[in-house]
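Reading through the structure tokens given below for one structure.
The values are calculated or read from the model by the stated rules, or taken from the named source; none is laboratory data. Everything quoted here is computed from the prediction, not taken from an experiment. Cβ coordinates were reconstructed from backbone atoms using ideal geometry, including for glycine residues, and neighbour counts include every protein chain displayed.
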Amino acid sequence: MKRNNRDKRTTGRLLAGLLMTLVTSQTAAQVDNRLAELGMENIRTVRTAEGTTVAYEDRAYRSSYEGVGRAIQTALEALETDEALTLTVLDGNGLPQLCIVLDKELVRDYRNGTADLKAVFGRMELSRNTDQALERLKDAKTQTRSSWRPDLTVYPQIFLENSRFDKLYRYYLGVAPALEMPLWKGGELTAQVIIPIVGNLKGEQSQVRPGCVVLSQGFYLKRNWTLTLAAGQFTNHRLGGAAEINWRTDDGRWEAGAKTGVTIYSIFVDKEWTVTRKPKLNASVYGRAYIPQWNTEVTAEAARFVYGDYGVKGSVVRHFGEYTVGVYALYTDGEVNGGFNFAIPLPGRKYKRWHGMRIKPSDYLTFQYSMVAYGDYIDRKLGIEYNTVPGKNRSKGFYQPDYIRYFLIRHCDLFEQKAGEKKKEK
């Protein structure tokens, strides 16, 4: 009789375990499917004693905070029970950028209607520290992979230069479509061609020519350290290799990093490719602070520029939602320069894939104006820098926690409107 009771208890535990595994698998699959429908990629989901943990990569939404808001809302709606929810946001190279934690009480309040999305955005925890979440996800299967599924992004190019305030000296307008294809975790291939449209520049600027052709690899080193390596043809006629390492505090308000590269001069003009043999070494260290009260970044940098001149550079960038406006000052080798830059979002907040490829304009129009663009400063090639990717700016992929929370709350009506439409459909 005792043996029969033991057998019944064992069978009951096995059935309960089987049922729990089935429910867990269904919940994870539902979250995966809903995020995939939203346009997210490289999705991993696991359900543990700590609740449901999700990681996803957002290459679909132009705005970092809109992508985060949609993902939170979608994951909440996909949950079957009141349990804690953790989301890890990955950038386009698969590097973790943000950890979002909604505790069990907050999830319960949202599900029973006592907390709206604005309250969720205000009460959730935001951090740059993703280590614990990634540890829970290490054995989870990846769904909706982005590998070998390219984006064809068309970047606008604008160049204006004047030596007098009353006369435009040189101008140029063109487009630069780029094939941007994830290869594997952290790896990406970029291949760009530049096509001039109108301008009064001669030589290279008047011809179709290659732009950035780069193979890059990103690594997450834990404890908020990231490393990015790149090799290929960069901006500003530089060909070679570059590396960048950076570290951020958990709240994202402080950042430090270093960059270095070894490059040669490379130019394609009149159907001929010309390169120099002597490599140039550039290196810099920087520190950055984010001031949440003003949504402003302040950066200080000390650098050895491409042609061997040493200098310091300071910049201030203000975030107005997706718009950014910045000013900078530069002192190098006894010369002073400065100017301004901005990034403006272009039409199209989200783009879907068509037969595996996403075709879209650049997310942002970026422009930088330098005060000094002539004379001894130019002749001596002072302050020369380069980017390893096209269209780099301080708006694209910006996941600073204070910024994300502030603009999620400010634009909460976008998400509430969608929630209202779904309720009407039901």
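Identify all residues within segment 374-384 that are part of a loop (DSSP other than H, G, I, E, B) and out of contact with any Lys or Arg (no Cβ under 9 Å at 6 or more places or on another chain); write none if there are none. Once the filter is applied, which keeps residues that are part of a loop (DSSP other than H, G, I, E, B) and out of contact with any Lys or Arg (no Cβ under 9 Å at 6 or more places or on another chain), segment 374-384 yields Tyr374, Gly375, Arg380, Lys381, Leu382.
Candidates Thr74, Thr52: the one that is free of Cβ contacts under 8 Å to residues at least 60 places away in the same chain, in contact with a strand residue (DSSP E or B) (Cβ under 7 Å, 6 or more places away or on another chain) and on the phi < 0 side of the Ramachandran plot is Thr52. Candidates are the residues of segment 38-68 that are buried (at least 23 other Cβ atoms within 10 Å of the Cβ) and among the aliphatic types (A, V, I, L, M); the one that is nearest to His319 (Cα to Cα) is Val68.
Scan segment 47-57 residue by residue and report those that are touching a helix residue (DSSP H, G or I) at 6+ places or on another chain (Cβ under 8 Å) and either at pLDDT 95 or above or assigned to a strand (DSSP E or B) (or both).
As a first pass, look at segment 47-57 and keep what is touching a helix residue (DSSP H, G or I) at 6+ places or on another chain (Cβ under 8 Å): 47-48, 50-56.
If the condition is that a residue be touching a helix residue (DSSP H, G or I) at 6+ places or on another chain (Cβ under 8 Å) and either at pLDDT 95 or above or assigned to a strand (DSSP E or B) (or both), then Arg47, Thr48, Gly51, Thr52, Thr53, Val54, Ala55, Tyr56 are the ones that fit.
Do any strands (runs of 3 or more DSSP E) entirely within segment 252-294 hold 3 or more residues that are among the hydroxyl-bearing types (Ser, Thr, Tyr), and if so, which? Please lay out each step first, then the result.
Working: elements: 254-269, 272-275, 280-291.
Qualifying strands (runs of 3 or more DSSP E): 254-269, 280-291.
Among the conditions (1) closer than 29 Å to Leu87 by Cβ; (2) at pLDDT below 95, Ile404 misses just one, which is (2). All conditions but one from (1) modelled with pLDDT of 95 or more; (2) at positive phi apply to Gly39; the one that does not is (1).
Candidates Ser315, Ser362: the one that is among the polar types (S, T, N, Q) and closer than 30 Å to Glu37 by Cα is Ser362.
One residue stands out among those in segment 210-224 that are closer than 16 Å to Tyr155 by Cβ and surrounded by fewer than 19 Cβ atoms within 10 Å (Cβ to Cβ): the one that is nearest to the chain's Cα centre (by Cα), which is Val213.
Inspect all residues belonging to segment 344-364 and state whether any of them is more than 28 Å from Asp151 (Cβ to Cβ) and not assigned by TED's automatic domain parsing to the domain that holds Glu125.
We begin by selecting, within segment 344-364, every residue more than 28 Å from Asp151 (Cβ to Cβ); these are none.
Scanning segment 344-364, I find no residue that is more than 28 Å from Asp151 (Cβ to Cβ) and not assigned by TED's automatic domain parsing to the domain that holds Glu125, so the answer is no.
For Leu414, the stated conditions do not hold, so it cannot be described as at pLDDT 90 or above and either more than 25 Å from Arg253 (Cβ to Cβ) or exposed (fewer than 13 other Cβ atoms within 10 Å of the Cβ) (or both). Does Tyr310 fit the bill of being modelled with pLDDT of 95 or more, more than 29 Å from Arg62 (Cβ to Cβ) and not hydrophobic (A, V, I, L, M, F, W, C)? So Tyr310 fits the description; yes.
Of the set (1) modelled with pLDDT under 95; (2) within 16 Å of Gly261 (Cα to Cα), all apply to Asn200 but (2).
Could we say that Arg277 is free of Cβ contacts under 8 Å to residues at least 40 places away in the same chain and either of a type in the set (Phe, Trp, Tyr) or buried (at least 18 other Cβ atoms within 10 Å of the Cβ) (or both) here? Talk me through it step by step, then tell me what you get.
Working: free of Cβ contacts under 8 Å to residues at least 40 places away in the same chain: yes; either of a type in the set (Phe, Trp, Tyr) or buried (at least 18 other Cβ atoms within 10 Å of the Cβ) (or both): no.
No, not satisfied.
Taken together, the criteria exclude Val312 from residues that are touching a strand residue (DSSP E or B) at 6+ places or on another chain (Cβ under 6 Å), farther than 21 Å from Tyr331 by Cβ, surrounded by fewer than 18 Cβ atoms within 10 Å (Cβ to Cβ) and β-branched (Val, Ile, Thr).
Let me confirm something: among Gly261, Gly240, Gly287, which residue is closer than 24 Å to Gly211 by Cα, free of Cβ contacts under 8 Å to residues at least 40 places away in the same chain, more than 18 Å from the chain's Cα centre (by Cα) and surrounded by 13 or more Cβ atoms within 10 Å (Cβ to Cβ)?
On the way: Gly261 fails: free of Cβ contacts under 8 Å to residues at least 40 places away in the same chain; Gly287 fails: closer than 24 Å to Gly211 by Cα.
Just a single option satisfies the conditions, and that option is Gly240.
Restricting attention to strands (runs of 3 or more DSSP E) lying wholly within segment 70-139, give those where 1 or more residues are within 24 Å of Arg253 (Cβ to Cβ) and small (Gly, Ala, Ser). Write out each step before concluding.
Numbers: elements: 85-90, 96-102, 125-127.
Passing ranges, in order: 125-127.
In segment 370-389, is there at least one residue being buried (at least 16 other Cβ atoms within 10 Å of the Cβ) and within 26 Å of Pro292 (Cα to Cα)? No, segment 370-389 has no match at all.
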